[in-house]
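Data first, discussion second: the structure below is written as structure tokens.
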Amino acid sequence: VSDLGLEGDVLPVPRDHPASRNRFLYTSGALHKLPSGLGGLLRSVPPFSRALLWSGVQDLLAPAGTEPDESVHAFVHRRFGQEVADIAVDSLCRGVFAGDCRALSVRSCFPVLFEAERRRRSVLLGLALGSSECRAGGGMCRGATPVPPLWHMGISALSPAGKERGAESGLSRRAQAERWSQWSLRGGMESLAEALAAFLRPRGVELRCHARLRRLGRHPDGRWQLTLADGTVTADHVVSALPAAALAEVLPAEAEPLAQELRRIPAVSVAVVNLQYEGVTLPVTGFGHLVPSSEDASLLGIVYDSVAFPQHDGTGAASVRLTVSRQGWGWGDRADLGGPHGAPGAIQVMLGGAWFRQSFGDPAAVAPALLLQRAQAAVREQLGLEVAPTRSIIKVHQACIPQYTLGHWQRTERISRFLAEQQLPLSLIGASYAGVSVNDCIASAKAAVRQLLG
């Protein structure tokens, strides 16, 4: 962002902002503010039946796990209890990965927690003592960086995948000093891609947009030949940001072992419904709310866009922007993907994800009217907004969020080993391997470039 000259367009949301402090769950037919501060740990706060302090005590007393991998749900259930797993972490995984915590891998999705237990037997001790050891050593320990409470985890400076970042920029240091929890750009996140294109073209980089890759083949001299819809390109090295399954379909026959591993990395589809309301007031003020799968499997949650980024609202009467999403919403530190199109007052509703087909059928054939109807019903039932929205945008993102299921770490290791053994001039970046957030994807691209340049 800094390199592209967008630093002045950043819209930060600090930790003391209502969108950072107030996060909600919708369960048992009501909104519940998630506990924060010492008081929230010492007493029972709905939807939890007991003080969360007892979940911490359970973690301190529970024996360490011995399995090389475990589902996120099983891990949290074992360490913190059933309620934390069924309500908080179930919702968290739906918000971050649009996925089912009973299928996702804790080792790949939240390695910070996995490694903390391995180091100190207790997750809480591993996080606390691990970070102290790293500070004493003057460096950063992988997997030892402190993370927020479980219900605030998300797309942060340390991603859910727990990968370390490279050298910090002035903007990242500012974000840490000012304790940002979210950020966006005045022109929406689309302006990041536009600025990148504007930066590259004058520097001799050829951008061929909307040119579908049909095949990736090898010349006898080892170079790649990329067959596109409008011609061919020869390259010494390919850096692929394609989803794993899409890359698998264009690889040459001699790379079939690689293609087989790539096909084993699934992805889920997400329907995002943006709604704009005029002259309404939300019953609560905050970032938004998540919905556990036990309450409504089809509805992931609702983001109160206008609370975090009123700069994206238009002018006029009091209004609300909401995003109702049927899958895939970063619950925690995040780069907001919204833009100025939301106009005054918007809500974002998330739908689908791992439950898309059972709830709505084929993502390629689902009727937009069905998604809009379900989103409006959710807003009416859960937020009490009875009026019809003045504007709506419905978009289905097919196979857009990779799922790091059990054994994902072994798949990525086999992929890396194949590339090394075959000495393929191919770098794999993007969300399919080591983190699904915008920050993760930028970090993986930078790491690939550093490796190429030595």
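The values are calculated or read from the model by the stated rules, or taken from the named source; none is laboratory data. Nothing here was measured: the structure is a model prediction, and the numbers come from that model. We place every Cβ from the backbone using ideal geometry, glycine too, and count neighbours over all the protein chains shown. For the accessible areas, the whole protein counts, side chains as well, though only heavy atoms, and no ligand, DNA or RNA atoms are used. Shrake-Rupley method; radii C 1.70, N 1.55, O 1.52, S 1.80 Å.
Condition first: surrounded by 16 or more Cβ atoms within 10 Å (Cβ to Cβ) and assigned to a helix (DSSP H, G or I). Can you find one or more residues in the range 380-396 that meet it? Looking for residues that are surrounded by 16 or more Cβ atoms within 10 Å (Cβ to Cβ) and assigned to a helix (DSSP H, G or I), one finds at least one in the range 380-396, hence yes. Only residues that are modelled with pLDDT under 90, within 25 Å of residue 310 (Cα to Cα) and among the hydrophobic types (A, V, I, L, M, F, W, C) were counted across the range 12-40, and they come to 3.
The single condition from (1) surrounded by fewer than 21 Cβ atoms within 10 Å (Cβ to Cβ); (2) aliphatic (A, V, I, L, M); (3) modelled with pLDDT of 95 or more that residue 401 fails is (1).
Within the range 441-454, the set of residues being modelled with pLDDT under 90 and either touching a Leu at 6+ places or on another chain (Cβ under 6 Å) or more than 18 Å from residue 237 (Cβ to Cβ) (or both) comprises 442 only.
Checked against (1) modelled with pLDDT of 90 or more; (2) crowded, with 24+ Cβ neighbours inside 10 Å; (3) part of a loop (DSSP other than H, G, I, E, B), residue 297 meets all criteria but (2). Check the range 61-83 and report whether any residue there is under 28 Å from residue 433 (Cα atoms), polar (S, T, N, Q) and in a helix (DSSP H, G or I). Scanning the range 61-83 turns up no residue that is under 28 Å from residue 433 (Cα atoms), polar (S, T, N, Q) and in a helix (DSSP H, G or I).
Restricted to the range 420-454, and to residues that are β-branched (Val, Ile, Thr) and assigned to a helix (DSSP H, G or I), which residue is farthest from the chain's Cα centre (by Cα)? Before the answer, list the steps.
First pass over the range 420-454, keeping only residues β-branched (Val, Ile, Thr): 429, 436, 438, 442, 449.
Okay, now just the ones that are also assigned to a helix (DSSP H, G or I), so 438, 442, 449.
Values: 438: 8, 442: 13, 449: 23 Å.
So, considering only residues that are β-branched (Val, Ile, Thr) and assigned to a helix (DSSP H, G or I), the one farthest from the chain's Cα centre (by Cα) is 449.
Within the range 220-232, if we keep just the residues that are more than 12 Å from residue 424 (Cα to Cα) and either touching a residue at least 60 places away in the same chain (Cβ under 8 Å) or open to solvent by less than 60 Å² (accessible area, probe 1.4 Å) (or both), the residue that is farthest from the chain's Cα centre (by Cα) turns out to be 231. Contact map, the range 177-199: residues that are under 16 Å from residue 20 (Cα atoms) paired with residues that are in a helix (DSSP H, G or I) and hydroxyl-bearing (Ser, Thr, Tyr), Cβ distance under 8 Å, separation 6+ or inter-chain. Pairs shown: 181/20; 182/20.
Considering only residues in the range 275-292 that are open to solvent by 30 Å² or more (accessible area, probe 1.4 Å) and polar (S, T, N, Q), the one that is nearest to residue 352 (Cα to Cα) turns out to be 285.
Apart from one condition, residue 148 fits all of (1) modelled with pLDDT under 50; (2) closer than 30 Å to residue 310 by Cα; (3) open to solvent by less than 30 Å² (accessible area, probe 1.4 Å); the exception is (3).
Kindly indicate whether residue 201 is open to solvent by 70 Å² or more (accessible area, probe 1.4 Å) and in contact with an Asp or Glu (Cβ under 8 Å, 6 or more places away or on another chain). Here the answer is no, as residue 201 does not meet what is asked. Could you please give the count of residues in the range 84-100 that are of a type in the set (Gly, Ala, Ser) and not in a helix (DSSP H, G or I)? Residues that pass the stated criteria total 2. Listed by first and then second residue, the pairs with beta-carbon distance under 6 Å, at least 6 apart or on different chains, first residue in the range 402-431 and under 30 Å from residue 353 (Cβ atoms), second of a type in the set (S, T, N, Q) and assigned to a loop (DSSP other than H, G, I, E, B), are 402/432.
In this structure, is residue 216 outside any strand (DSSP E or B) and either at pLDDT 90 or above or open to solvent by 90 Å² or more (accessible area, probe 1.4 Å) (or both)? So residue 216 does not fit the description; no.
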